1. Ranked by accessible surface with a 1.4 Å probe, highest first, in what order do B:TRP302, A:TRP57 come?
2. How much solvent-accessible surface does B:LYS476 expose, in Å² to the nearest 10, with a 1.4 Å probe and all protein chains in place?
3. For a 18 Å ceiling on Cα separation, which of these pairs sit above it: B:LYS207/B:LYS503; B:LYS132/B:LYS385; B:LYS208/B:LYS484?
4. Counting only residues 5 or more places away or on other chains, whose amide H sits under 5 Å from the amide H of A:GLY217 once H atoms are built in the peptide plane?
5. Do me a favour and compute the ellipsoid semi-axes for the stretch A:104-173 from its Cα gyration tensor, root of five times each eigenvalue, largest one first, whole Å.
6. Starting from the coordinates of the alpha-carbon atoms of the stretch A:134-173, obtain the Kirkwood hydrodynamic radius over all distinct pairs and give the value in Å to one decimal.
7. Could you sort B:LYS158, B:LYS252 by their accessible area in this structure, using a 1.4 Å probe and putting the largest first?
8. Quick one: buried accessible area between B and A, total over both chains, 1.4 angstrom probe, nearest 100 Å²?
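The values are calculated or read from the model by the stated rules, or taken from the named source; none is laboratory data. Bear in mind that the values here come from a model prediction, so they are computed numbers and not experimental data. No Cβ is skipped: glycine too gets one built from the backbone with ideal geometry, and neighbour counts run over all protein chains shown. Only protein heavy atoms, including side chains, enter the accessible area calculation; ligands, DNA and RNA are left aside. Shrake-Rupley method; radii C 1.70, N 1.55, O 1.52, S 1.80 Å.
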Amino acid sequence: MTDRLREVQLSRRSLLASTAALLVAGATSARARTLSGAMPWEKGTASPPVPVRPGPWQFFTADEAAAVEAIVDRLIPADDLGPGGKDAGCAVYLDRQLAGPYGRSEGLYMRPPFMNGTPGQGYQGADAPATRYRKGLAAIADYVKANFGGKVFRDLSPAEQDKVLTDIEKGTAKLKDVNGVSFFSLLLQTTQEGFFADPIYGGNRDMAGWKLVGFPGARYDFRDWVERYNEKYPLPPVSIMGRADWTVKD
Amino acid sequence: MARKLPRKDVVVVGLGWTGSILSYELAKQGLDVVAIERGPWRDTASDFPPGYGQDELRYGVRLDMFLRPEQETLTVRNKMSETALPVRKFAGFLPGNGVGGAGLHWNGQTWRFLPSDFNLRTHITERYGASKIPEDMTIQDWPVTYDELEPYYDRFEKLAGISGKAGNLNGKIQPGGNPFEGWRSSEYPTPPLKQNYGSALFAEAAKKMGYAPFPRPSGNISEGYTNPLGVTMGQCTYCGFCERFGCGNYSKSSPQVCVLPALMRLPNFAVQTESEVTRINLDNTGKKATGVTYVDTSGEEWEQPADLVLVCAFSLFNVRLLLLSGIGAPYDPQSGKGVVGRNYAYQTTSGVSVILKDKVLNNFIATGSGGMMIDEFNGDNFDHKDLDFIGGGYIGSGQTGARPITTRPVPKGTPRWGSQWKKATAETYNRAYNIGTHGSSYSYRDCYLDLDPTYKDRLGRPLMRMTFDFHDNEIKMSQFLTDKTAEIMKTLDPVELTASPRKGPWNSTIYQTTHNTGGTVMGNDPKDSVVNRYCQSWDVSNVFVPGGASVFPQNAGYNPTGTVGALAYWTADAIKNRYLKNPGPLV
Ligand SMILES: Cc1cc2nc3c(=O)[nH]c(=O)nc-3n(C[C@H](O)[C@H](O)[C@H](O)COP(=O)(O)OP(=O)(O)OC[C@H]3O[C@@H](n4cnc5c(N)ncnc54)[C@H](O)[C@@H]3O)c2cc1C
Ligand code: SF4
């Protein structure tokens, strides 16, 4: 350490940090530090991911959750290839994401003025994903109620559900105060994200998404396999949390 | 009021690739060096150990290690007549943040530019006549030559342990390497990586067409290696979580792995993390910098006096810092006068995706910079006489992993969801891949960086504004390269082939590359450059911009960091051997 080391007034408030706070809010508060003399290693500088725990909905209301479970099951239907979006945990994934920093657009530039831009300028709205979901789901509920004799989405037949979703995707179903096309894209993108993200985030349960495509997950050493051309990689996927077969003996 | 700290010999703004190289070189000389870094400390052992480093959502999608736009972003527009709007979420390019900078989560594709890239305007004029260069194109010669930079390329490659196969050793063409590359004084420090199936198939196809495929020079290391600073790197395991991720195996060349362990041991070096430099301070003559001001995470301001200020903040932020500090005249596209922000350029990439019959590609077995490439159509390696563009790029199979949130190819016409989507996703995932082209982006009068009139950052300072679009020359070049790629891939008899040449307008929401260049261009004349041939500011001689891609007068058809690293060493030598002996303008 040099004698020029100075005491910095430490602050828990972190404006500048780009750390795992994005996902693990509050787990680490980065702060200004002077480092010198050696590679520092300190307990707690890294922030391991925090697994999603089963339990009550954190963001969705009961009605919203029921609608979302029905929607993700149409976007990714259960069939002979494997479970659908609901059983794969996509709704749980969405719930926890929307309740967390992602839902609040934490870390993004959210200063006004908000103006409509060109497609190349990206999303310019003032609403974060949580608000977009809240408004979007309400608008879908209104639309279904008005067009299907007062019903809610989950009570429609699968064919009717597909029709509603297709019409929103194409923009032929007009949602009140919500851009349906763009909301549908968000819905689809985040649902598929949940189907293929590590199970630690609540979706991709039992690695259903990875098994579907044959992705081995969080493995990291393929040196023996690089040059085995045209041969299917034989090992099953593994998650950041490991997998039951590794830790449980029948 | 900023609290004043004790004076240092050197203050380095940003501790990425260039900052850590310069810090090491100057601290090793005995100078008292402090680096000030906007983001947090990051290290292999604590931040991305294998085990949870392979998290696509966290790092690849939510961009955990990148700059958060809340802290700093910029506004973008395609044309001067449009209103620029803020990049609210980074996507098109992804600036780094934190110790290691973008050098932490880059891919490691480490190229040298062609000798003719350095005297571009002269070369094109001599070969085709001045009229070959479009009127509004503002390309210019570099103030350094390939021959001058060669030893510095060599030094950077040895620092980073780059794996590859030489194609031109001291003028002698070598089998298996890139026959078009400039001469090299030595072989690559480590042998080439192994190639996965897709890359092997591409190489076979390219060879059949008469091209000379070679392994891409790579900062993912093929075997254990100890660099000249005594730091040891491990063998790449082809984990496929490379770009956007940190490497838990100490296998990806980065400041963390290649420089910091040696740098941090030097007693006369310190890094101040989580502290953003807001301004370079000038004395009352405006000709001399007195140090920098920075703000830390608690919002407190500090003044760090220093004799020498090195701006190593990544190309875009180098430009913004000079604009905000009033160093050099800002560029005015109307009159063509002024220099800071001038000649902003990018990279013109495109791709050809194929779905093959009955193939098992295992694309998740990959490295950030592996792959087989051809260079027949880069720079001026091919005759442009009968073509209506200049420039070019390399073509190759660079599979960086098939992480499934972002990589799920399906045949054309597949619905975006539902059972059919699911079936197609399952069937295609392991049979499809993408061959890329990586092309030049030349500079134009109306592509530039300046300060935004409307949007401000959290400290109330104007954001930087980017005005950029692809021009006809680049679009034609991209069409040409993409057609050549499609020709090669057709020989594999794919079930489906989709060629996607780059088309305008440039879009900030689709990731292309973080190869933002220009804005503090280097040159021989202060009228068209911000820094001289030693990356020293023409206006303030104790300010250097050592090696950031902001000094490129235009961008070549290669990834920039090999050249960034070479220029960092070139500047370090100029400071050590010339400036320190006689501080003042070097030219
Ligand atoms: C996803 C990705 C993939 C890439 N892949 C490749 C590749 O394969 N090949 C290749 O050649 N290049 C690649 N690049 C580009 C490469 O990373 C850069 O060229 C290289 O890192 C530039 O080095 P630098 O020192 O100029 O900037 P950086 O390495 O980015 O370092 C700049 C540092 O300065 C800090 N900083 C900025 N402003 C301030 C301030 N005001 N105060 C204090 N600190 C500040 C930043 O936080 C950062 O740590 C890639 C980049 C990205 C993001
Ligand atoms: S592919 Fe190789 S270099 Fe890249 S992260 Fe994995 S082990 Fe490291």
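1. Details: B:TRP302 10, A:TRP57 90 Å².
Order by accessible area, largest first: A:TRP57, B:TRP302.
2. Result for B:LYS476: roughly 80 Å² accessible.
3. Numbers: B:LYS207/B:LYS503 29 Å; B:LYS132/B:LYS385 9 Å; B:LYS208/B:LYS484 13 Å.
Cα-Cα > 18 Å for B:LYS207/B:LYS503; rest within.
4. Answer set, sorted by chain and number: A:VAL238.
5. 31, 14, 10
6. Kirkwood hydrodynamic radius for the stretch A:134-173: 10.1 Å.
7. Heavy-atom accessible area, descending, gives B:LYS158, B:LYS252.
8. The summed interface area works out to 8800 Å².
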